[in-house]
Amino acid sequence: MGMNSMSAPLQTVAMRRPGAILHADPQRWHYAGPIDSDALVAQYQRFVELIEASGAEIVWIDEPNSQAVQDDLADSIFTYDPSIVTSGGAVLLRLGKPLRVDETELHRALYERHGVPVIGEIEAPGTIEGGDCFFLDSSTLAVGRGFRTNQAGIDQLIAILAPHGITVETYDLPYFSGPEACVHLMSLVSPLDDDLAIIYAPLFPTALYQRMTDLGYTLLHAPEDEFAATGGLNLNVLATGPRRVIAIDGFPATAQLMIDAGCDVSLFAADALCLPCEGGPTCLTRPLQRG
């Protein structure tokens, strides 16, 4: 398994069914409000159907045939964050949100079961969350430095990836809503193809904007009103292939922007699944293989 792409056809993806999130304390987990568990489960199932319709195989993080998870890891449904996967193997990350630190062990067990090599692991005091990482091209990983990802973690990641021919480029993230909120680099950008991405320009790092332009990207500017209404989840878009994407329903200007750029856009309702919990379609998946 492996990949150094954000938009090549998605072949295999790791996911985790809703468990602790269904009874999570919104204040403790920094959710926007109470969880409607029935609606959340129904919306998650619709998202699963869209993933399956794309042709991707889902690898479930929990043991085969296991029942609903019994741990307290409410955010573990957002499988993008505890690890990243490259063509050389997986890197286990150390999450910056203290309540999420134990999620890394779920990913370690997954890779052991499926024979995915682990090429490195971020250790204290380093922190990195997957939502702060995306491939600019096959040999360049952009990493956002902010409240969830620190320099100590970035330094470790640079050393882990260098022998595999991957360069890490660091871009500073804005303060925005402060340390308790979840503003990842990928809260501000979603690649849609090798040369196309959607961004939120007012908060986007200028150096990264210039870098992506130099690499030949067309950068679509997400509508400010829809970004404000969702905390950025309108542009949290999962590419299941070049210009084939899954996005949250209810934000027509964002969807039309991508359609006008030649994207095939599949929508699903996520007012119970994503909007209260600060995690969108990308966050709900850990791509393992593309191509």
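Here is how the numbers come out for the structure above:
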quantity	calculated
Looking only at the stretch 215-228, and only at residues there that are more than 19 Å from C133 (Cα to Cα) and over 20 Å from the mean Cα position of the chain (by Cα), the one that is surrounded by the most Cβ atoms within 10 Å (Cβ to Cβ)	P223
Residue in the stretch 215-225 that is polar (S, T, N, Q) and in a helix (DSSP H, G or I) present	no
Selection from the stretch 188-232 of residues that are touching a strand residue (DSSP E or B) at 6+ places or on another chain (Cβ under 8 Å) and modelled with pLDDT under 95	T230
In the stretch 91-103, the residues that are more than 20 Å from V183 (Cα to Cα) and in contact (Cβ under 8 Å) with a residue 40 or more places away in the chain	V91
S190 vs. criteria surrounded by fewer than 21 Cβ atoms within 10 Å (Cβ to Cβ), at negative phi and either out of contact with any His (no Cβ under 8 Å at 6 or more places or on another chain) or not β-branched (V, I, T) (or both)	no
Out of S190, S177, sole residue that is among the polar types (S, T, N, Q) and assigned to a loop (DSSP other than H, G, I, E, B)	S177
Any hit, the stretch 193-209, residues being at positive phi, surrounded by fewer than 21 Cβ atoms within 10 Å (Cβ to Cβ), out of contact with any helix residue (DSSP H, G or I) (no Cβ under 7 Å at 6 or more places or on another chain) and part of a loop (DSSP other than H, G, I, E, B)	no
Subset of the stretch 18-45 (residues that are among the acidic types (D, E) and either loosely packed, with under 14 Cβ neighbours inside 10 Å or in contact with a Pro (Cβ under 7 Å, 6 or more places away or on another chain) (or both))	D25, D38
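Here's the yes/no breakdown for (1) free of Cβ contacts under 8 Å to residues at least 60 places away in the same chain; (2) more than 21 Å from R286 (Cα to Cα):
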site	(1), (2)
A109	yes, no
V118	yes, no
S139	no, no
L173	yes, yes
G178	yes, yes
P191	no, no
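The values are calculated or read from the model by the stated rules, or taken from the named source; none is laboratory data. Note that the structure is a prediction, hence the values are computed from the model and not measured. Methodologically, a virtual Cβ is constructed for each residue, glycine included, from the backbone with ideal geometry; neighbour enumeration extends over all protein chains shown.
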